[in-house]
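The values are calculated or read from the model by the stated rules, or taken from the named source; none is laboratory data. Quick caveat, the model's predicted, so the values are computed rather than measured. Counting neighbours? That spans all protein chains shown, and the Cβs are built from the backbone with ideal geometry, glycine included. Each accessible area value is taken on the protein alone, full model and side chains, heavy atoms only, with ligands, DNA and RNA left out. Shrake-Rupley method; radii C 1.70, N 1.55, O 1.52, S 1.80 Å.
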Amino acid sequence: MSKADSIVNPYAIHPATIVEKLREAEDINTYRLQFVDEPMQRRFRFKAGQFNMIYLFGVGEVAISIVSDPDQPEFLDHTIRAVGRITKAIAGLQPGDVLGVRGPFGQGWPLEEARSRDVVIVTGGLGCAPVVGAIEYIFRRRAQYGSVKILHGVKAPHDLLYRERFDVWRRSPDTEVLLSSDQPDKSWRYHIGVVTELFELVSIDPLKTIVLMCGPEIMMRLGVPILIRRGIPATAIYVSLERHMECGIGLCGHCQMGPYFVCKDGPVMRYDRVEPWLGRTGV
Amino acid sequence: MADDIHKVLPTCHLQRLLDALSAKGYRVVGPTVRDGSVVWEPIRFVSDLPIGWRDHQEPARYRLEQTGSQDIFGVVHGPQSLKPFVFAPREPLLKIERTKDGFATRPMTPQPEKVAVIGARACDLAGLAVQDRIFLNDAYRDPYYAARREGLFLIAVNCTRALSTCFCASMETGPRAKTGFDLALTEVDDRLLIQVGSEAGRHVLEGISLSPASDELIGEGATCIDTCARSQVRRLDHARLPQALYDAHEHPRWDDVAGRCLACTNCTMVCPTCFCHTVEETPDLSHQQTAQARLWDSCFTQEHGYIHGKNIRPTIKDRYRMWLTHKLASWIDQFGMSGCVGCGRCITWCPVGIDLTEELSALLTSGSRSSVTSPQVEGS
């Protein structure tokens, strides 16, 4: 395929080699990818919170958020849970195997808007993956942001990914990391319960704060109203949503939620814009 | 230009236009009778067209009858709009082959082909304009659609007869073709009034000696079209859309229509604007080569709303609501235009005769027990 084709054809798939595979949990791995085409590797840029369509030869594509740091585009990391037809097949791959990448797509986190404000990051389960890049972005510009509070909930302790990263973040200046598990074992040293209970354990200056949230929709539906009651405007809360995405560019119709295409209008969306649709059945 | 040039061609000389198109290198496609309905087929002669046939359409009914007249364009339309010409029901996207580095992909973008479609209706042109907005004028321009669209030459026929299922007048999309055609014909008795809509249209007519149309004939054609508009028995009240339909999300009528809907996907397949598609991967047996193709999909299928382990729209009620709300409401937020052009095909081809004009009317007039907050949508 010529370069011109790859630029004009949004369906073009770019081969990328798995250079590293890191086991995060029983069914979750992080894959570090490098484009086979070196110029492609050099020009590929992304924003924290965007996603790629990850392709497995002969099987198909699946939308996966980018975990790596947008300031280090030489690394392209995706954390993938083996949950469906394609992701289960990907789980069998090893370093040296080749995947396809199409992207990056979608709207990322509002990191410019967040500048000079306090940032509260609320995630649940694998929902922590799409904010890792945002946290790294902020920490590279630490002086430009206010306090950072990272609240992360998991079902069971073995669901906790990126343990070392959480430890590093915890040691950063003006940063709090709070973890919770609602099905803990004896080893669990953190909060017991659901992630929204962590709101009570942190002090928040509501008018100085911007919230980045990613996890199951039920977490957002139940969690955001608590934050709003604490005085954070709905316009300062951003959520990253999940829907079935096939094309990534707003053409296939699958990822619609009300008037939005989650792939192109999202996946990161301002809460006040999606609030009417989040609680509706069949939307 | 569209309003300026009007010519007249005796109906018995229509072959000259077909020949002129062929001489210019166009493959000519027109309405033909097949298996009891009208479908697009390649045509060479005027006699290939459905001369003397008429269609009768009602909810869940489509019938052709011979009238014995010499009318060429007596049939309004069949199940196909212009959609299949540009957004192909099955479009090969990529061929992907294993290489020593992994794999190489080759786009299967179609070669632009000069295709002249004779007999497109105003609603079809409006549907094509909606699809152009989606596939060509968004952040990403679809190269497959663009290649098919490029070579399309459109000869519209203004409607002088409305079906019982038509409601283009209320959607302001017909029965007169206003834009988007190269030539537009109005059949007035044994004459065809020809209006030029583009430079390409003018160019095609250069090869035929034609008389200018008299003001009288132009007036006669206009009267026929106006009469057709006034004869439409269905209308769709879109004045309060999209908000009124968003507000009706909990309306009991959705249960009622879900009880009748078979989720057969017919309405989405015949709709000139529905654009949902899915991608099919077909590896060869040796697993050395694989092909991707996109296929029309429908929001009425189980799989459409599937997301790892659950279905966002598990019931027929959810899916009918999704379709109607998208078509008539959220489409406006997404693309600044309605997703419905008033062709009435979804009414005719629904096996149980569900009528979206009737459903919308019921949803907007009575029994609303909306309890949800009105959505705030940007730009609305």
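Numbers below:
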{"quantity": "Whole-number percent relative contact order across chain A, with pairs defined as alpha carbons under 8 Å at least 6 apart", "calculated": "17 percent"}
{"quantity": "B:His6, B:His287, ranked by accessible area, largest first (probe 1.4 Å)", "calculated": "B:His287, B:His6"}
{"quantity": "Other protein chain Cβ atoms within 10 Å, averaged over every residue that makes up A:245-252", "calculated": "6"}
{"quantity": "Separation of the A:Lys88 and A:Val8 label points, Cα + 7 Å toward Cβ, nm", "calculated": "4.1 nm"}
{"quantity": "Per residue value of the accessible surface for chain A (all protein chains in place, 1.4 Å probe), Å²", "calculated": "39 Å²"}
{"quantity": "Accessible area of B:Ser37 in the full protein assembly, 1.4 Å probe (Å², nearest 10)", "calculated": "20 Å²"}
{"quantity": "Beta bridges per DSSP with both ends in chain B, % antiparallel, nearest 5", "calculated": "80 percent"}
{"quantity": "Heavy-atom accessible area per residue - chain B, 1.4 Å, Å²", "calculated": "42 Å²"}
{"quantity": "Mean separation of Cα contacts under 8 Å, 6 or more apart, over the residue count of chain B: relative contact order %", "calculated": "21 percent"}
{"quantity": "Distance between segment B:193-223 and segment B:17-39 - C-alpha centres, whole angstrom", "calculated": "20 Å"}
{"quantity": "Helix-only CD estimate at 222 nm, as mean residue ellipticity for the protein assembly as shown, using -39500 (n - 2.57) per DSSP H run (n ≥ 4)", "calculated": "-7000 deg cm²/dmol"}
{"quantity": "Anisotropy class of chain B from Cα gyration tensor, a/c 1.5 cut", "calculated": "oblate"}
{"quantity": "Size of the B/A contact, given as accessible area buried on both chains, probe 1.4 Å, in Å²", "calculated": "4200 Å²"}
{"quantity": "The protein assembly as shown, accessible surface, carbon-and-sulfur percent (1.4 angstrom probe)", "calculated": "50 percent"}
{"quantity": "Added length on full extension, which subtracts the Cα-Cα distance from 0.36 nm per residue, B:Thr67 to B:Arg202", "calculated": "45.2 nm"}
{"quantity": "Förster radius 25 Å - calculated FRET efficiency between A:Arg45 and A:Glu113, Cβ distance, rounded to 0.05", "calculated": "0.80"}
{"quantity": "For segment A:239-273 versus segment B:97-150, the gap between their alpha-carbon centres in whole angstrom", "calculated": "23 Å"}
{"quantity": "Listed pairs A:Lys155/A:Lys186; B:Lys24/B:Lys83; A:Lys88/B:Lys95; A:Lys21/A:Lys88; A:Lys149/A:Lys208; B:Lys24/B:Lys114 exceeding 18 Å between Cα atoms", "calculated": "B:Lys24/B:Lys83; A:Lys88/B:Lys95"}
{"quantity": "DSSP-defined antiparallel bridges as percent of all bridges, the protein assembly as shown, nearest 5", "calculated": "70 percent"}
{"quantity": "Share antiparallel - DSSP beta bridges, chain A, percent rounded to 5", "calculated": "55 percent"}
{"quantity": "Distance between segment A:149-212 and segment A:100-143 - C-alpha centres, whole angstrom", "calculated": "16 Å"}
{"quantity": "Using alpha carbons only: equivalent-ellipsoid semi-axes of the protein assembly as shown, gyration tensor based, whole Å", "calculated": "53, 29, 21"}
{"quantity": "Computed accessible area, A:Tyr260, all protein chains, 1.4 angstrom probe, square angstrom", "calculated": "20 Å²"}
{"quantity": "Contact order normalised by residue count of segment B:1-115, Cα under 8 Å, 6+ apart, percent", "calculated": "18 percent"}
{"quantity": "Per-residue SASA entry for B:Asp215, accessible area with 1.4 Å probe, Å² rounded to 10", "calculated": "130 Å²"}
